[in-house]
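Worksheet: the structure to be examined is printed underneath.
Where a number appears in this text, it was derived from the coordinates with a stated rule and is not lab data. Every value quoted in this text rests on a predicted model; they were computed, and no experiment measured them. So basically every Cβ, Gly included, is an ideal-geometry build from the backbone, and we count neighbours across all protein chains shown.
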Amino acid sequence: MNDLESIIMAISKKDEFTQEDIWLADVAKALSHPARIRILKILNDMDSCMVGSLVDQLPLAQATVSQHLKELKRVGLIDGEIDGPKICYCVNSKNLAKAKAALDKMFSKIGCC
């Protein structure tokens with residue numbers, strides 16, 4: 001099988017899943033880095049935050065923090081507003097609650113073998 005056939009097969013298989021499952025998998029992928037978990041914790045505790053103050057709280061360079069913020073924003077777990085030369089980020093409570101509810105639903109029958 002060549003690369004094109006692999007891509008077509010992957011795309012057609014994706015149609016077999018619900019939009020919610022695809023979205024939740026994307027959220028899980030975005031949460032798969034410890035820096036992103038820490039960023040969400042910081043933003044949740046602070047209610048909002050400037051990028052500079054995030055960098056001060058993480059052992060990462062400004063560019064790396066910006067990449068992690070971009071990924072969290074892409075899946076909708078955070079929002080960002082431009083405030084002059086800075087961007088203020090905050091947790092998107094609606095989407096975070098949606099992800100939590102989907103995970104709770106998915107794991108509601110843990111222990112039922």
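Summary table below
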| read-out | value |
| --- | --- |
| Inter-label distance, nm, simple model (7 Å from Cα along the C-beta direction), K73/V55 | 1.5 nm |
| For the range 13-63, diffusion coefficient by Stokes-Einstein and Kirkwood Rh (Cα), 10 °C, 1.306 mPa s, µm²/s | 124 µm²/s |
| For E71, net neighbour charge (Lys/Arg +1, Asp/Glu -1) across residues whose Cβ lies under 13 Å away | +4 |
| Additional length obtainable on full extension of the chain from K105 to E81, 0.36 nm per residue less Cα span | 5.5 nm |
| Inter-label distance for T18 and N44, nm, one decimal - labels placed 7 Å from Cα along Cα-to-Cβ | 2.4 nm |
| Antiparallel DSSP beta bridges within the range 25-113, as percent of all bridges there, nearest 5 | 100 percent |
| Long-range HN-HN contacts of I87 with modeled amide H, under 5 Å | V51 |
| Sorted peptide list for 31-44, 66-79, 97-110, criterion being average Cβ within 10 angstrom, highest first | 66-79, 31-44, 97-110 |
